[in-house]
Amino acid sequence: MRVFSPTDVHQVFFNYRGEELRYNFISHLVDAFENHEIKFFVDIYEERGKDFKNLFVRIEESRIALAIFSPRYAESRWCMDELVKMKNLVDQGKLQVIPIFYKVKAQDVRGQEGEFGDNFGKLAKASSGDQIMKWKEALESISDKMGLSLRDKSSEADFIKKIVKEVQKVIAAIEIEDEDNHFVLNHLMLGPRHEPDAMEIFKRLEKIKETPSDHQACSLHHSPNPKF
């Protein structure tokens, strides 16, 4: 298993309930990401003895995050605090989050209902009102985005393939956006004497046409009243 060092650009951060998913679904997802050479960070790579808040730094280093909601997700204070951090970065335009609904309904996450809601209620009883409000806002905001859902009795192998495919699309869109921003910056700094030639402009336009838009890059399951 390859371990990416902190000096790498962690493109994808995994936010998930460790006790529930670390040694099954997450281990398979890690293998798939490694096989497709997708850069990522997962907390099993964090050095022992470090403050858990160091994970917040890893989130800031990432461009994409997977919020992997599962039935026991909301019983973890760290999962919830990471989610709040992720929401704040999304609001600042610094992070893109793809919600993954692992054997839980999006509507249960959004409204803290069902088994998911029961676990959230247990955590809330031991927490302050201000913190609970931040958690609820993060759950509602992130779960309302387009996401992928794994139903009971569905193939996890096929589900992981879908996740990999969608992440690759988002990465491609981010890379083109970064290239375009760099292209514009160089043009502004160098001035009109360094105008790009016609062939360079044509290649850039073709590349943009071949890459899905932000909406297409996350062409996942989402509706105002989802039936996951």
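The values are calculated or read from the model by the stated rules, or taken from the named source; none is laboratory data. Values in this document were obtained by computation on a predicted structure and should not be read as measured data. Glycine also receives a Cβ, built like all others from the backbone with ideal geometry; neighbour counts cover every protein chain displayed. These area figures cover heavy atoms from the full protein model, side chains too; ligands, DNA and RNA do not enter into them. Shrake-Rupley method; radii C 1.70, N 1.55, O 1.52, S 1.80 Å.
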Expected output is a single nm value to one decimal: the length gained when fully extending between ASN24 and GLU115, i.e. 0.36 nm times separation in residues minus the C-alpha distance. What is it?
30.7 nm
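How high is the FRET efficiency between GLU37 and LYS122 when r is their beta carbon distance and R₀ equals 35 Å, given to the nearest 0.05?
Values: r = 40 Å, r/R0 = 1.14.
With a Förster radius of 35 Å, E is 0.30.
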Filter LYS39/LYS94; LYS94/LYS136; LYS53/LYS162; LYS105/LYS161 down to the pairs with a C-alpha to C-alpha distance above 24 Å, please.
LYS53/LYS162
Quote the Stokes-Einstein diffusion coefficient, in whole µm² s⁻¹, for region 12-182, based on the Kirkwood radius over alpha carbon pairs, a temperature of 4 °C and a viscosity of 1.567 mPa s.
79 µm²/s
Leaving out ligands, DNA and RNA, and with a 1.4 Å probe, what % of the accessible surface on region 73-185 is carbon or sulfur?
47 percent
To the nearest 0.05, the calculated FRET efficiency linking GLN131 and ARG151 through their beta-carbon distance, R0 being 30 Å, is 0.40
Nearest 0.05, what FRET efficiency do ASN54 and LYS94 give at R0 = 22 Å with Cβ-Cβ as r?
0.75
